[in-house]
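Shown next, in structure tokens, is the structure this report addresses.
Coordinate-derived values only; no laboratory data. Predicted, not measured: the structure shown is a model, and the values here were computed from it. Neighbour counts are summed over all protein chains in view; Cβ atoms, including those assigned to glycine, are modelled from backbone coordinates with ideal geometry.
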Amino acid sequence: MASAAAVARCSATPGDPRGRSIGYVDRPDDEQPFGDPADAMRAFLGQMGAMMRSQDPWDAASQMAAGIANEGHTEPNLDPSDRMALENLARVAELQVADHTGAAFTHPVRIEAMNRTQWSKRFLVDQRPLLEGIAESLGHGLAAQLGQLDDLGPEELADMPGLGSVPPAMLRQLMSMMGPMMLSIMAGSTAGHLAARAFGHYELPLPRPAAEPLTVVLSNVDGFARDWSLSTDDIRMWVSLSDVAHHQVLCRTHVRDALTDSIGEYTRGFSSDPEEMERQSRDLGLDEAFTEMGGDMAALQNLAGDPDRLLGVMQSDRQRQVMPRIHTVVAVVEGWVDHVLDEIGSSLLADYSMVTEALRRRRVEAGPETRFVERLFGLELSQDTFDRGSAFVKGIVERADAAALEVLWSEPGNLPTPSELDAPGLWMARVGIAARDLEIDGDLEIPDTFDFE
């Protein structure tokens, strides 16, 4: 996202000394696709205003999510036999996870088969507080940027591409609509893109209501099985086990609260300081990139393909401070879930190793849309995150035993700190878990004294 100042510096596209506005194509005036910028802005505001007056932002978000998720196609009804099959898998997964961990579930586990549209709507309901926080935070930042334009004088505004003839009153009207618009667009696109890819309830490791059924997008799961020539039953079982294991730990009150509080703090923390955003834009090179690419809509679209650079402009110091806490809890949760699945999966799946390889590769090969959504919540589901979590859990098991893992979730103070994530021995010492004695080979000779020469 180029800042307002960056756009102002790109007052004309390269090679066009006449300083024509963004999107201009050298055609006769009566063939210009956008016409006068003020007329285009007036029409846009009229359409958006009508939508906001006639529709609740959450209804608009739900419609947008459905359109993205189902790609404009009608989704078939689910087969009742598939619903029953998933209900049976839920019972198996609940018994297996509870038996292995020794921890009972607070509520009976249910798994509900859904299509993409249904999954996206459930996600919007479950994550409404976090989505509202993101929309409000981003909306304040964008409104601050527009506020800079409102402060410009007529001559300065006239130099800006595509905005020279737009009355300041229209900019103020756009600012007043920023909140509902941002909520509809951001929440709808987030839920839609996730639903188009999601397998199960915890596509993202975000806490969700404990008493509600887990959800599975059956068309996505079965399509993956076909594409990889894997057993549909095995893929369904793996997804069920993974979601049930996630559910057990993420529904523990203090774990849910720790993650919800940290992610909530992150989502509400996007910068609304125009000067800070301008500095970030310069530091990330967006001003120069926008200028070099022509300062036109194609340049903005090119920049939009880089989530890190886009979100980096509005990322605040407050967010950078909270991210290590989020990453630590997420890494340990994912490492623990992987450990549980490795322990019980081989007895339930005919080819557990092949299924696991395919599914764990999939989760770190997400496209830019999914990565962008992850980072809206402050998540970083990269291979490094999963590797660090697995190494932490493995380190505890090697130094003590698998039973020591239960201490992780027993009370709030036992969650590891960011520095302990890469040093499981430090975590064990802090929570009072004694390490096993080192096993020494019986043939090893230990001298009475050491020769230092």
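Overview of results
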item: Per residue Cα convex hull volume in Å³ - calculated over the range 318-371; result: 81
item: Relative contact order (%) - criterion: Cα under 8 Å, at least six apart; region: the range 190-271; result: 32
item: Residues with amide H under 5 Å from that of Glu112, placed H, sequence gap 5 or more; result: Leu214, Thr215, Val216
item: Relative contact order (percent, whole number), the range 58-114, Cα cutoff 8 Å, 6+ residue spacing; result: 39
item: Pair Ser382, Asp233: separation of 7 Å Cα→Cβ label points (nm); result: 4.0
item: Summed residue charge, Cβ within 14 Å of Glu357's Cβ, Lys/Arg positive, Asp/Glu negative; result: -1
item: Counting all C-alpha pairs of the range 187-238, share separated by more than 18 Å (%); result: 38
